[in-house]
Amino acid sequence: MSRLKAAVTALEDPAASDPFTQEIVQPVADAPVEKPVVNEPPTAPITTDQLLQLIATMQAQTAEAQRQAAEANEKLAAAIIKTTEPREVLKSTKQIAAEENEKLFEENARILNKRRKMAIKHEQDNCDHIGGCSLLGEMRDLQGRTSILWHTTDVGVDTGICLVCQRFFRPGDPPDAQGHDYSYWRRKPSMCRISKAGVRTFLDPVRAMEESYLHDS
Ligand SMILES: [Zn+2]
């Protein structure tokens, strides 16, 4: 190759004329072909359906927790309200026994009181209120005077009590067992000296007289 031709070739193809360039540029047949890098989208950890299912599960769990909390609060409120209710006081065996004894004593006392009143009424019904008529008396008053102690109150009412049977005599008394009323006994002379209170005046003397002594209930 002449110098001229080499120069022309160098102008047309500088790489061809340069032996170093030719070695670098020439592709090597056995060199591995580099594959282009493709940016693929990252794979999602879970699918959309799985995510929706997870959300639904979490919502269900939240609702269940709220329901349980509401139920627990309701029970707690009921328990608190129940503590305010009055409760029966727990009693010991000794207290229960004492109460039973108390009931027994009261019942016995009621029966005894009833019998005592019956005995007193029986004695009063069979008393003729004559001086010395008591079973312990030596003799009855020969003049038939009564054993009634009379007292004139400050409103002018005469009330009496038999010193033998302790029966009271008051105006308005119903007839006794012998059929005698207040006037009958008041008219009879008594062995006892009458006592008398001071005198007072009242705006309503009739009412004052009625209220001056106890009435049988
Ligand atoms: Zn009497």
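Report the full-extension gain for the segment LEU135 to GLU71: residue separation times 0.36 nm, less the Cα-Cα distance, to one decimal in nm. Intermediate values should be presented prior to the final figure.
Numbers: separation 64, 0.36 × 64 = 23.04 nm, distance 8.36 nm.
My answer for the length gained is 14.7 nm.
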With each pseudo-label sitting 7 Å past Cα toward Cβ, what's the GLU210-THR62 distance in nm, one decimal? 8.4
What nm value, rounded to one decimal, do you get for the distance between PHE168 and ASP125 when each label is placed 7 Å out toward the C-beta? 2.0
Gap separating the Cα centres of the stretch 123-173 and the stretch 41-103, nearest whole Å: 80
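All of the numbers you see were taken from the coordinates with simple rules; none came from a lab. Everything quoted here is computed from the prediction, not taken from an experiment. Cβ sites come from the backbone with ideal geometry, for glycine too, and all protein chains shown count toward neighbours.
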